[in-house]
Amino acid sequence: MALIFIIPVLFAAWVLSYVVASGPIITDEALEEAIRLEINYEKGEIRPDQLVNIQSLRIRDANIENIDGLQYMTSLVSLDLRDNNISDISLLSDLKRLQDLNLRGNNITDIEALANLTSLRELNLRENQIHDISTLTGLYMLQDLNLRHNRITNIEALRNLESLRERLYLEGNQISDFSPIADYLMEVNDHDLDIGS
């Protein structure tokens, strides 16, 4: 007899714990609004399976601070989050298909999450607060790199990036030693340096 009462109570507790534990996967309102437009989904909670096949996402100047939810977009090839208020990009570390990433004009200091993104070909980190670019050492596919107006002093990480021949922008940093790129700088189609002067 007691079993008849216990089963519904256990079921109700399970449902309640699921609802409370699951919660929304996107917590930033501006990001959620942009993603709803992208997937054409006006109402209802966004689920991870709705995000997994998105290949391109462009959300500029939307005051995004938190990118929670983007980690489910594992098919992303191109991501443009220019001119937002993002400081933590750690959730990007599993987006290993990314080839084009624009994070210009944010508040980023730590780019360690980019170490896993070995398919990157274009990377724009202009106008952030980045000091350390050692993470870029293994991004051998990188062809186009914009690091203008950060706080970089050491560019040793760029020494062996043999594909980096389309663009290299370093202006607006406190770099005194350009020897890591001296051997190939003249092969870069578009750069903002005049090392000889």
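Rule-based calculations on the coordinates, nothing more; no lab input. Keep in mind the model is a prediction, meaning the values are calculated, not measured. Backbone-built Cβ (ideal geometry, glycine too); neighbour counts: all protein chains shown.
Among Asn189, Gly138, Leu76, which residue has its Cα furthest toward the positive end of the charge dipole of the range 24-191, with +1 on Lys/Arg Cβ and -1 on Asp/Glu Cβ?
Going by the charge dipole, the pick is Asn189.
Can you work out D for the chain in µm² s⁻¹ from Stokes-Einstein, where Rh is the Kirkwood radius over C-alpha pairs, the temperature is 4 °C and the viscosity is 1.567 mPa s?
Working: Rh = 18.7 Å.
Estimated diffusion coefficient is 69 µm²/s.
If one takes the longest principal axis of the Cα atoms in the chain, at what angle in degrees, from 0 to 90 and to the nearest 10, does the Cα axis of helix 29-39 lie?
The angle comes out near 90 degrees.
Considering the dipole of the chain built from charges on the beta carbon (Lys and Arg +1, Asp and Glu -1) around the Cα centre, which of Thr109, Asn66, Ile175 is farthest to its positive end?
Asn66
Skipping prolines and chain starts, which residues have an amide H placed within reach, meaning under 5 Å, of the one on Asp80, given they are 5 or more residues away or on another chain?
Distant-sequence amide H within range of Asp80: Leu57, Arg58, Ile59, Asn102.
Calculate one ³J(HN,Hα) per residue across the range 125-133 by plugging θ = phi - 60° into the Karplus curve 6.51 cos²θ - 1.76 cosθ + 1.60, and present them in order as whole Hz with x for glycine and proline.
10, 4, 6, 10, 10, 7, 9, 9, 10
Given the peptides 102-109, 177-184, arrange them by the average over their residues of other C-beta atoms within 10 Å, most packed first.
Values: 102-109: 19.6, 177-184: 13.8.
Packing proxy ranking, top to bottom: 102-109, 177-184.
Rounding to the nearest 20 debye, state how big the charge dipole of the range 56-197 is about its Cα centre with +1 on each Lys and Arg Cβ and -1 on each Asp and Glu Cβ.
The dipole magnitude comes to about 280 debye.
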